[in-house]
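The block underneath contains the structure these notes are about, expressed in structure tokens.
The values are calculated or read from the model by the stated rules, or taken from the named source; none is laboratory data. Nothing here was measured: the structure is a model prediction, and the numbers come from that model. Here Cβ is always computed from backbone atoms with ideal geometry, including for glycine, and neighbour counts include all displayed protein chains. Surface accessibility is based on the protein's heavy atoms, side chains included, excluding ligands, DNA and RNA. Shrake-Rupley method; radii C 1.70, N 1.55, O 1.52, S 1.80 Å.
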Amino acid sequence: MLGKYLVSACFGVLASFASAAPTFKATELGSMRPLAINDYGQVLGFGESASDGYLWQPNGRNSLTGVLHALPSHSFGSKLTDINNRGQICGSYFESNLPMFLLWSPNVDNSPTGSYVILSGNTTTEESSINDSGQMAGSYDHHGQVSSLTLWNPGAPLGTASWIATLSGEIAGRVRINNYGQIAISDAYPLPGQAFLWTPDSANGYPGTFVNLGNLGYPGSRIGGINDAGQVVGSAAVSATSWHAFRWDPDTPNGTTGTMIDLDPDLDPSHYSTASAINGAGDMVGSTFDGTNTRPFAIIGGERVDLSASIPIGAEPIVHAAALDINNHGQIVCIVSTATETRGLLLSPFTAPEDVVDLQSDIMELVQLGVLLPANGQSLYAKLDAAYAKIARGDNA
């Protein structure tokens, strides 16, 4: 019985360490307004104008340091909106007031240098999204009256565009495509709008099924993001005056039926919240507005974390701070505003050196109690020594 108790204690120590609320280390991204982050740690954003695209390039995969690169602008009104894990960037290009898909591809995967291709005739509006297969999703505007969802599939010479469905109004806010080829979108009109999901009949295929994601008991919902399992996050109305962050869970991975869950059932009736993105582990980020200030949050391993404490405090108080995207390594991009400036911020999960030392002490104690074999204990201790050395160098990747 004592052995079972000690084994249970061993796993309890390790589990509590693993599930502890994460600590984040902040990297300033300057005046760039971040939009998206990929699994390499590249951050896409824009400057004073949406036409001014920027790519923050980490010094190594998921590094906490990096260099900001300006991306060439094609025309006034062009806009970059998403980046995939290869470092390809999609957006829209306006020519004679006609918006077209714009694709930037790196010379080598995840390189900060590359070139643009304008996909003439494959039209989209300001919002578009790209997955790791190079599929792009966007909306086609029919003379400002109604919009249809467009799927672009790569191929020689410039790919093909498929018009998936005609919606009743403009596609509002975000359009997001996952690596299965599912597309989450919002239809803006009639007000207050509605969240939808399009699922291909087979992975990355066409045609597919178009479904309404429902609501939280009151009309109105907007999408924020989608992960590769088909979970969708966003915000939905719970009354005439309040919207709550939601997560829609499919009944089966990449399924077309599921349930919308209120992530903020106890939120003050005068406050608003939205979820902006969800990663493969189901971790989410978003923001809450209390009527005066906006605060960023994350839900990591089911535990809600106020990210405000991770944001460096400057000379001026922060008025607005929102978490916009999260990658599969748990890195988060935020936008932070004071009364006089707006800047981008990268938050990376950080393990403090003292946490490693505490865990080493726990391992030594478990070896002394006979719960861990000395050889296993020495192996774990050595791995933690290596982790400690990386942290001491400032490398938390």
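Taking each residue of region 368-393 that is exposed (fewer than 13 other Cβ atoms within 10 Å of the Cβ) and looking for partners that are at pLDDT below 80 and not in a helix (DSSP H, G or I) with beta-carbon atoms closer than 9 Å, six or more apart or interchain, yields A389/D395. Among V238, V285, V232, which is among the aliphatic types (A, V, I, L, M) and in contact with a His (Cβ under 6 Å, 6 or more places away or on another chain)? Answer to the check: V238.
Could you tell me whether A245 is open to solvent by less than 30 Å² (accessible area, probe 1.4 Å), of a type in the set (G, A, S) and either outside any loop (DSSP other than H, G, I, E, B) or modelled with pLDDT under 95 (or both)? Break it down stepwise before answering.
Values: open to solvent by less than 30 Å² (accessible area, probe 1.4 Å): yes; of a type in the set (G, A, S): yes; either outside any loop (DSSP other than H, G, I, E, B) or modelled with pLDDT under 95 (or both): yes.
Against the criterion (open to solvent by less than 30 Å² (accessible area, probe 1.4 Å), of a type in the set (G, A, S) and either outside any loop (DSSP other than H, G, I, E, B) or modelled with pLDDT under 95 (or both)), A245 qualifies.
Which residue out of S239, S287, S235, S270 is open to solvent by 50 Å² or more (accessible area, probe 1.4 Å), hydroxyl-bearing (S, T, Y) and either modelled with pLDDT of 95 or more or part of a loop (DSSP other than H, G, I, E, B) (or both)? Give the derivation first.
On the way: S239 fails: open to solvent by 50 Å² or more (accessible area, probe 1.4 Å); S287 fails: open to solvent by 50 Å² or more (accessible area, probe 1.4 Å); S235 fails: open to solvent by 50 Å² or more (accessible area, probe 1.4 Å).
Residue meeting the stated conditions: S270.
Evaluate the following for G205: is it of a type outside the set (D, E, K, R), closer than 16 Å to T257 by Cα and assigned to a loop (DSSP other than H, G, I, E, B)? No; evaluated as a whole, the condition is false for this residue.
Restricting region 311-332 to residues that are in a loop (DSSP other than H, G, I, E, B) and open to solvent by 60 Å² or more (accessible area, probe 1.4 Å), the residue that is nearest to D228 (Cα to Cα) is N328.
Quick test of your reading of the structure: R304 fulfils all but one of (1) farther than 24 Å from L191 by Cβ; (2) part of a strand (DSSP E or B); (3) more than 18 Å from the chain's Cα centre (by Cα); (4) not small (G, A, S). Name the failing condition by number. For R304, the failing item is (3).
Each residue in region 208-246 was checked for being out of contact with any Phe, Trp or Tyr (no Cβ under 6 Å at 6 or more places or on another chain), under 13 Å from S186 (Cβ atoms) and aromatic (F, W, Y), and 1 of them qualify.
Within the option set P296, P265, being touching a Cys at 6+ places or on another chain (Cβ under 8 Å) and not charged (D, E, K, R) holds for one residue only, P296.
Hey, any hits in region 122-133 for a residue that's touching a Ser or Thr at 6+ places or on another chain (Cβ under 6 Å), among the aliphatic types (A, V, I, L, M) and either open to solvent by less than 10 Å² (accessible area, probe 1.4 Å) or at pLDDT below 85 (or both)? No, there is no match, as no residue in region 122-133 is touching a Ser or Thr at 6+ places or on another chain (Cβ under 6 Å), among the aliphatic types (A, V, I, L, M) and either open to solvent by less than 10 Å² (accessible area, probe 1.4 Å) or at pLDDT below 85 (or both). So for region 346-360 (the condition being hydrophobic (A, V, I, L, M, F, W, C), buried (at least 18 other Cβ atoms within 10 Å of the Cβ) and modelled with pLDDT of 80 or more), does at least one residue qualify? Yes, region 346-360 contains a residue that is hydrophobic (A, V, I, L, M, F, W, C), buried (at least 18 other Cβ atoms within 10 Å of the Cβ) and modelled with pLDDT of 80 or more. Residues being of a type outside the set (G, A, S), touching a Ser or Thr at 6+ places or on another chain (Cβ under 6 Å), closer than 18 Å to G41 by Cα and at pLDDT 90 or above are represented in region 88-106 by at least one member. Per the listing G193, G220, G255, G230, the residue uniquely at positive phi, open to solvent by less than 30 Å² (accessible area, probe 1.4 Å), modelled with pLDDT of 95 or more and of a type outside the set (V, I, T) is G230.
Assess whether N204 counts as being modelled with pLDDT of 90 or more, closer than 16 Å to S129 by Cβ and under 17 Å from the mean Cα position of the chain (by Cα). Judged against the criteria, N204 is not a match.
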